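The values are calculated or read from the model by the stated rules, or taken from the named source; none is laboratory data. Only a predicted model underlies this, so the values are computations on that prediction, with no experimental measurement involved. Every residue, glycine among them, receives a Cβ derived from its backbone with ideal geometry; neighbour counts consider all protein chains shown.
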Amino acid sequence: MTTTVGEFEISRVVESEVPFIEPHVFLPDFTPDALEANRDWLEPRFADPATGKLVFAFQSYVVRTPRHVIIVDTCVGADKPRPNRPSWHLQQWTYLADLERIGVAPEQVDFVMCTHLHIDHVGWNTRLKDGRWVPTFPNAKYIFGRTEYEFWAERDRTGTQGPVPNVFDDSVRPVMEAGQVELVAMDYEFDKGLWFEPAPGHTAGNMVIHLESGGAKAVLSGDVLHHPLQLVRPEWSSRACEDKALSASTRRALVERYADTDTLIAPAHFASPSIGRIVCSRGAFRYRLAGEP
């Protein structure tokens, strides 16, 4: 399925989509009443009634412009040693085959953009070749926020641990050493109609990516919103957030800014088909998938 935003086209490559985690584990402030009052639109797509788990998609957005092929966020990756994340450990996803299925070979990718450098957003930055991690997209320029890159480089240098494992060594450093990284400001304008905006809190240098063309608008929101439950309670930050208070403030600002507008939201982890709009109904926010009445 392709979503058109003026001259831009957005496609999805889903690495995996599963009932992933119990809400109280992922959202420490979770209370069951929020889910109970919103089961009519959260279940079964966004919350699995059989397991009680929240459904997450791990996916990339492929943006085609008149001049470029861009991948935004690169999921978990293959062959990555993740012993503390058993469902991601040494996986063999069909990601590259699925990418080719929508007409994009790795060599055709011009740019890779990461909203932030968490484990599930950088995995396919690299692949294992002859025992070495090499860039998956050999002709691409990888665009990282400078603030985000320097944060994780310092964590790597000092061995500091945070709420999410640092995968700098196998998924970030190799593309830097290959000379394929461009570090940019958090408000970087890539091209007319495509620019970044700071969205800190989830990580120090977290960003969202704006698309605007022909009067149409979309925001690739990364992990500002992990799950539609955070529309019900924007103050609920995830266990993966570095600064939970700032993350909540950033999230509420985004939700209020785009609620009841024509701007499409493309979150990193919402269940398929993922892209939709934020709406306000009876004084509360909820999500309406694109194409729904």
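Points worth noting:
- Test: residue in segment 90-105 that is surrounded by 13 or more Cβ atoms within 10 Å (Cβ to Cβ), of a type in the set (A, V, I, L, M, F, W, C), under 18 Å from the mean Cα position of the chain (by Cα) and in a helix (DSSP H, G or I): yes
- Asp191 being under 24 Å from Gln59 (Cβ atoms), charged (D, E, K, R) and surrounded by fewer than 17 Cβ atoms within 10 Å (Cβ to Cβ): yes
- Screening Phe30 with (1) surrounded by 15 or more Cβ atoms within 10 Å (Cβ to Cβ); (2) within 19 Å of Asp120 (Cβ to Cβ); (3) of a type outside the set (D, E, K, R); (4) out of contact with any strand residue (DSSP E or B) (no Cβ under 6 Å at 6 or more places or on another chain) gives one miss only, at (2).
- Applying a threshold of 7 Å to beta carbon distances and a minimum spacing of six or more residues, or different chains, the list of pairs starting in segment 277-293 at a residue that is hydroxyl-bearing (Ser, Thr, Tyr) and ending at one that is outside any loop (DSSP other than H, G, I, E, B) reads Tyr287/Leu231; Tyr287/Gly276; Tyr287/Ile278.
- Residue pairs meeting the criteria (Cβ under 8 Å; at least 6 apart or on separate chains; first modelled with pLDDT under 95, in segment 184-206; second of a type in the set (D, E, K, R) and in a loop (DSSP other than H, G, I, E, B)): Asp191/Arg67
- Reported count of residues in segment 21-67, each being in contact (Cβ under 8 Å) with a residue 40 or more places away in the chain and not in a loop (DSSP other than H, G, I, E, B), is 19.
- Search result, residues across segment 239-251 that are within 10 Å of Thr203 (Cα to Cα) and either outside any loop (DSSP other than H, G, I, E, B) or touching a Cys at 6+ places or on another chain (Cβ under 9 Å) (or both): Lys244, Leu246, Ser247
- Test for Asp169: is it of a type in the set (D, E, K, R) and closer than 22 Å to Phe137 by Cα: yes
- Considering segment 146-180, the residues that are farther than 28 Å from Pro83 by Cα and in contact with a strand residue (DSSP E or B) (Cβ under 6 Å, 6 or more places away or on another chain) include one that is surrounded by the most Cβ atoms within 10 Å (Cβ to Cβ), namely Gln180.
- Meets criteria (more than 22 Å from Ala34 (Cα to Cα) and in contact (Cβ under 8 Å) with a residue 60 or more places away in the chain) for Ser213: yes
- Qualifying residue in segment 262-274 (condition: surrounded by fewer than 16 Cβ atoms within 10 Å (Cβ to Cβ) and either in contact with a helix residue (DSSP H, G or I) (Cβ under 7 Å, 6 or more places away or on another chain) or of a type in the set (Val, Ile, Thr) (or both)): no
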